[in-house]
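Heads up, the thing below is written out as structure tokens.
Please treat every number below as a calculation from the coordinates, not as lab data. The shown structure was predicted, so the numbers you read here are calculated from the model rather than taken from an experiment. Cβ coordinates were reconstructed from backbone atoms using ideal geometry, including for glycine residues, and neighbour counts include every protein chain displayed.
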Amino acid sequence: MNRQTVLITGGNKGIGLALAEKFQRAGSQVKVLARDFRNFSLQDCGNVESIVYDLRDVEGIPQLMAGIGDVDILINNAGIMHALPFDSYSWQKMDEIIRINIQSPVALIREAARAMIAKGRGRVVNNASIAGEIGHPDVWYGITKAGVINMTKSFAKLLGPKGIVINAVAAGPVETDMLAVIPEQRKKEIKNAVYTGRFAYPTEVADAMYWLATDCPEYINGTCIDINNGAFPR
């Protein structure tokens, strides 16, 4: 597995960076897609390629993937959360979160699946969120992450018979930049609810995603693994 090619969206920081580091150490050919590579720690690694792309440009994804070439593993990790009240969402913000959190992963799976189907094998791992299972104060974030979970199950049903394994993870809050938009009171409530009294580390979510992308049995297909340390459902 370790010489396979992996494409990781949002692999420049947080969970995506932790994943990129794991694949890089394993000797995989790692293609990292992000908007900003400032201070990217893997910039000088020979088996890591940085690809600057804005996933709001869903229409450009076929051309993007044609340039990237075949990938054996697709990690749909990139996502955004605006943390806005539902009645404060502009049409622009709604369009942005739907494009990045739902439409772009669907388009990436569609394009990557062509070569995977031809080879009769491939892996896709989607980064969802517990928000997609229990509801969320940011209604559009919860809606899009529920869509990621359904996307995972739907594509597994369509592509599983063709040798492609597609799974997802749904984490609670993780020690990443996204924590900055969560209100302090909500952070305190979550920490009080979990068994360990802390948020997840990016490496913990990355470890689960790496296993799904590499070593998990192919009979595990169309699943979503919760990573919430007992905090949910609530």
Give, as a single signed number, the net charge of other residues whose beta carbon lies under 15 Å from the beta carbon of Gly46, with Lys and Arg counted +1 and Asp and Glu -1.
0
Local charge sum around Thr144 (other residues, Cβ-Cβ under 14 Å, Lys/Arg +1, Asp/Glu -1)?
0
What number, in percent, do you get for the relative contact order of the range 5-227 if the mean sequence gap of Cα pairs under 8 Å and at least 6 apart is divided by its residue count?
21
With label points built 7 Å along Cα→Cβ from the Cα atoms of Phe86 and Lys191, find their separation and express it in nm.
3.0
Apply the Karplus parameterisation 6.51 cos²θ - 1.76 cosθ + 1.60, with θ equal to phi minus 60°, to every residue of the range 95-102 and state each ³J(HN,Hα) to the nearest whole Hz, in sequence, with x for glycine and proline.
4, 5, 5, 5, 5, 6, 7, 10
Alpha-carbon centroids, the range 60-82 and the range 118-182: separation in whole Å
15
What is the spin-label model distance, in nm, from Asp215 to Ala180 if the labels are put 7 Å beyond Cα along the C-beta direction?
3.5
Under 14 Å Cα-Cα from Lys31, which aspartates and glutamates qualify once same-chain neighbours fewer than 8 residues away are excluded?
Glu21, Asp44, Glu49, Asp70, Asp72
Between Leu158 and Cys45, what FRET efficiency comes out of the Förster formula 1/(1 + (r/R0)^6) with R0 = 41 Å and r the beta carbon distance, rounded to 0.05?
0.75
Once amide H atoms are built 1.01 Å from N in the peptide plane, which residues 5 or more positions from Gly122, or in another chain, come under 5 Å H to H?
Val165
Fluctuation leader among Thr176, Thr144, Thr152 - the chain, Gaussian network, Cα springs under 10 angstrom:
Thr176
